[in-house]
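Participant: I am attaching a structure below and will ask some questions about it afterwards.
The values are calculated or read from the model by the stated rules, or taken from the named source; none is laboratory data. Bear in mind the structure is a predicted one, so any value in this text is a computation, not a measurement. Backbone-built Cβ (ideal geometry, glycine too); neighbour counts: all protein chains shown.
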Amino acid sequence: MSKFVTRFLKDESGATAIEYGLIIALISVIIVAAFGVLKGGLESAFDSTAETLKNPNP
């Protein structure tokens, strides 16, 4: 029984998977936040590009 407990405490394969999951979740949150911050600038850039394409001669 003590060998099982010792082996269980030394096994880190599950911890590694959880760490990768947490890293992916953190990166996802950062990407979503970045899109929220950049949304206004991207909208104005696309709007001005669309306006230029509609009226190429100012």
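Participant: In a helix (DSSP H, G or I) and surrounded by 10 or more Cβ atoms within 10 Å (Cβ to Cβ): is that true of Leu9 in this structure?
Facilitator: In short, no.
Participant: Would you point out the residue of the range 17-58, among those that are loosely packed, with under 10 Cβ neighbours inside 10 Å and polar (S, T, N, Q), that is modelled with the lowest pLDDT?
Facilitator: Asn57
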